[in-house]
Amino acid sequence: MALGFFSRLKQGLSRSTQKLGGGLTSVFTKRKLDDEALEELEDLLITADLGPNVAERIIESFRRSRFGTEVTDEEIRTALADEIAQILEPVAVPFVPDPAHKPHVVLVVGVNGTGKTTTIGKMARFFTDEGKKVMMVAGDTFRAAAVEQLQIWGERTGCPVIAGPPNCDAAGLAFEALKRGKAEGADLLFIDTAGRLHNKSALMEELAKVIRVMRKFDETAPHTVLLVLDATTGQNAMEQVRVFRELVNVTGLVVTKLDGSARGGIVVALADSFGLPVHAVGVGEQAEDLRPFLAQDYAKGLVGLPDA
Ligand SMILES: Nc1nc2c(ncn2[C@@H]2O[C@H](COP(=O)(O)OP(=O)(O)OP(=O)(O)O)[C@@H](O)[C@H]2O)c(=O)[nH]1
Ligand SMILES: [Mg+2]
């Protein structure tokens, strides 16, 4: 998965790069870093979704270290990439299944359409290629299409998909799947969930029940609760983190659709506000389009700096 990370990420991030990196070029073509320039830079960072807090801190840091000096576009880009990488570094934590758990249970949550099912399919491919035994559970039992979609990923990756009849109880299904996963020595069990229930308390109840019932079989499950966020929703992603953290113990994030988005800066705002691990990023719809999240590469990609 690490091979060609930068080029694939760079391609994926190109719209975000245009926004922030392109903006930088027009602000700094050799000029003095004065109040006006700093203000323009701050606006640019906010427009690029890094959020007002991050923008302010970076500006203050530039003010302290470089105020009044002549800077080139290249210098600003490099300094900015360093600042961003520092924010991203602590959250760039790969997802590594714990071999002590057989299976390591991953509950995948998020609002509808963010890419939960696709991310499960991509992860199934990645870990199958690593030689792991992977199972998937079609826990979104409300939509027949949701079950079929996961089954297609099952065929693509050769991983079993545990599904029940329409509208069956997701918690019961997860329980059965966990039992089967243990019996068959699975390494990983991914549980897909419904993105939309009629209201927040119904969703909370559903997720709580899935967890409660699984714990009757393995009190340590789920071992990972992955919140999938769609980068194209920009600042809404922040609110989704807040809401889902009230519902479940979110342990990590995956940010998808960076390829179709100019809002890659949102990952910086997320890292700064929540400090939750970002396990991977989605840069396309195909199985290989899930990439590990690497702080330096991501920061360089955002500001439009070439690979080292
Ligand atoms: N371009 C792009 N498309 C993606 C990415 N991840 C997912 N998608 C697409 O986004 C759409 C929704 O993805 P799903 O995986 O069905 O999302 P979901 O969260 O399971 O949706 P619900 O089951 O409706 O809640 C699909 O058309 C995916 O192919 C990505 O990283 N890049
Ligand atoms: Mg789905």
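The values are calculated or read from the model by the stated rules, or taken from the named source; none is laboratory data. Here the structure is a predicted model, which means the values were calculated and not measured. We place every Cβ from the backbone using ideal geometry, glycine too, and count neighbours over all the protein chains shown.
Could you tell me which numbered condition residue 256 fails, if it satisfies all but one of (1) hydroxyl-bearing (Ser, Thr, Tyr); (2) in contact with a strand residue (DSSP E or B) (Cβ under 6 Å, 6 or more places away or on another chain); (3) away from ligand 2 (no atom under 16 Å from the Cβ)?
All conditions pass for residue 256, except number (3).
List the helices (runs of 4 or more DSSP H) that sit entirely inside the range 160-264 and contain at least 1 residues that are within 15 Å of ligand 1 (Cβ to nearest atom), in contact (Cβ under 8 Å) with a residue 12 or more places away in the chain and polar (S, T, N, Q).
On the way: elements: 170-183, 200-215, 236-247.
Because the criterion is at least 1 residues that are within 15 Å of ligand 1 (Cβ to nearest atom), in contact (Cβ under 8 Å) with a residue 12 or more places away in the chain and polar (S, T, N, Q), the helices (runs of 4 or more DSSP H) in the range 160-264 that meet it are 236-247.
Would you tally the residues in the range 215-234 being over 13 Å from residue 248 (Cβ atoms) and in contact with a helix residue (DSSP H, G or I) (Cβ under 9 Å, 6 or more places away or on another chain)?
Count: 9.
Is it the case that the range 164-182 has a residue that's within 16 Å of ligand 2 (Cβ to nearest atom), under 24 Å from the mean Cα position of the chain (by Cα) and of a type outside the set (Gly, Ala, Ser)?
No, there is no match, as no residue in the range 164-182 is within 16 Å of ligand 2 (Cβ to nearest atom), under 24 Å from the mean Cα position of the chain (by Cα) and of a type outside the set (Gly, Ala, Ser).
Name every residue in the range 101-126 that is part of a helix (DSSP H, G or I), away from ligand 1 (no atom under 12 Å from the Cβ) and within 22 Å of residue 176 (Cβ to Cβ), in order of residue number.
Once the filter is applied, which keeps residues that are part of a helix (DSSP H, G or I), away from ligand 1 (no atom under 12 Å from the Cβ) and within 22 Å of residue 176 (Cβ to Cβ), the range 101-126 yields only 124.
Hey, among 108, 147, 134, which residue is within 23 Å of the chain's Cα centre (by Cα), closer than 18 Å to residue 227 by Cβ and among the β-branched types (Val, Ile, Thr)? Please lay out each step first, then the result.
Working: 147 fails: closer than 18 Å to residue 227 by Cβ; 134 fails: closer than 18 Å to residue 227 by Cβ.
108 is the lone residue from the list that is within 23 Å of the chain's Cα centre (by Cα), closer than 18 Å to residue 227 by Cβ and among the β-branched types (Val, Ile, Thr).
For the range 46-56, how many residues meet the condition of being surrounded by fewer than 20 Cβ atoms within 10 Å (Cβ to Cβ) and under 20 Å from residue 305 (Cβ atoms)?
1
Which residue, of 43, 73, is at pLDDT below 95 and surrounded by 15 or more Cβ atoms within 10 Å (Cβ to Cβ)?
Answer to the check: 73.
Taking the range 276-290 on its own, how many of its residues are buried (at least 24 other Cβ atoms within 10 Å of the Cβ), farther than 21 Å from residue 248 by Cβ and of a type outside the set (A, V, I, L, M)?
Here the count works out to 0.
Can you report the number of residues in the range 127-153 which are surrounded by 20 or more Cβ atoms within 10 Å (Cβ to Cβ), over 15 Å from residue 181 (Cα atoms) and more than 12 Å from ligand 2 (Cβ to nearest atom)?
Count: 1.
Restricting to the range 138-159, give me the number of residues that are outside any loop (DSSP other than H, G, I, E, B), away from ligand 1 (no atom under 11 Å from the Cβ) and farther than 18 Å from residue 287 by Cα.
The number of residues fulfilling the criteria is 1.
Are any residues in the range 246-271 surrounded by fewer than 18 Cβ atoms within 10 Å (Cβ to Cβ) and farther than 27 Å from residue 157 by Cβ, and if so, which ones?
Passing the criteria: 246, 249.
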